[in-house]
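Only one structure is covered here, and it is reproduced in the block below.
The values are calculated or read from the model by the stated rules, or taken from the named source; none is laboratory data. In this text the structure is predicted, and so the values were computed from the model without any measurement. Heads up, the Cβs are rebuilt from the backbone with ideal geometry, glycines too, and the neighbour counts pull from every protein chain shown.
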Amino acid sequence: MASGSLWRRLHHCLPPIVRWPLKAAFVALVVLLALYPRLDLLAANLRHWSDLNALIDPHDPRLAALEREVEARAAESDSDAKLHAHVERVVYRAIPYAFDWETWGVMDYLPTLSQVLDQGREDCDGRAVVAASLLRRMGCDAGLATDLKHVWVVTPTGELMGPGAGAKTMIADETGTRVVLSADTLANLGRGLAFGIAVFPLQRELLIVLALWLALLHPWSNAWRRWVGGGLLLAALLLLRAAGASTDALAHSPALLWGGVGVALVGVLVVALRRRGARESRPGAPCAEGGRSTCGPSSPRTQLP
């Protein structure tokens, strides 16, 4: 087949320093399209994260009904904590929870207040935007905070909308947006990634695993390495998903999570490592049309594709 011949020419004629960037670009493209099939939302998401305060709009007239409901509930409230609890209940009722891939079709999207109210459903970040806007409309100072896994609301007198378990990485109040980088940031990234793998649609994750498997394959590798390694990569994904999402820890079952990481590493090595001398026993594709292969013989040692 022409595609098989092209695949062999790619490996027979291009040095690793050229071949690997091409493979990395292929995997990156698949990952991008699996996570963000709508690239316009990716650009908007980056803009929104750069200025969290721009998402909050206390002047939207559609907040009036929510404000009246909070005021009716909080008529006899004598503390900010009780007011926060009423705001939480009203927002949770008005904005049902939905993952971003269910609402927007992408891995993550931080919406404006108007977009949340238009959709009528959102995840933690959209709900936090509504709650912060509602509090500002009622004369309270309110902003957003995130630990890269969860987004909630901060005020001078307390936090609401389920404060995250991790250290704050970004904090936005009426004075602006602050980014706090520390050792906790890596922990936050790990928790966010583990959560995302556990809940993201399986079919999209399978596309990413397939792309990685194809990039690691070499036309002169053993068939058993290809299929055993591919099976290990699939098993690793299932273990990572089975580890489960956790609100306050790395995963519901850390043992399954780390087991999945280990199986993934073994799978990569099984697929990628090969005996360089094995290719001399198979017919090579000429590197130049009508000419001999320019790839000379090599010693039988292990290398990556």
Could you check region 53-70 and list, in sequence order, the residues that are within 23 Å of Glu174 (Cα to Cα) and either assigned to a helix (DSSP H, G or I) or in contact with an Asp or Glu (Cβ under 7 Å, 6 or more places away or on another chain) (or both)? Asn53, Ala54, Leu55, Leu63, Ala64, Leu66, Glu67, Val70
Restrict the check to region 33-51 and report whether at least one residue is closer than 19 Å to Thr103 by Cβ, aliphatic (A, V, I, L, M), surrounded by 17 or more Cβ atoms within 10 Å (Cβ to Cβ) and touching a helix residue (DSSP H, G or I) at 6+ places or on another chain (Cβ under 6 Å). yes
Complete set of residues in region 74-114 that are outside any loop (DSSP other than H, G, I, E, B) and among the aromatic types (Phe, Trp, Tyr): Tyr92, Tyr97, Trp101
Just a yes or no: is a residue in region 126-139 part of a loop (DSSP other than H, G, I, E, B) and surrounded by fewer than 23 Cβ atoms within 10 Å (Cβ to Cβ)? yes
Quickly run through region 141-179 and pick out the residues that are surrounded by fewer than 17 Cβ atoms within 10 Å (Cβ to Cβ) and farther than 20 Å from Asp108 by Cβ. Asp141, Pro156, Thr157, Gly158, Glu159, Glu174, Thr175, Gly176, Arg178
Might you let me know whether region 115-124 holds any residue that is in the same structural domain as Glu71 (by TED's automatic domain parsing), assigned to a loop (DSSP other than H, G, I, E, B) and crowded, with 17+ Cβ neighbours inside 10 Å? yes
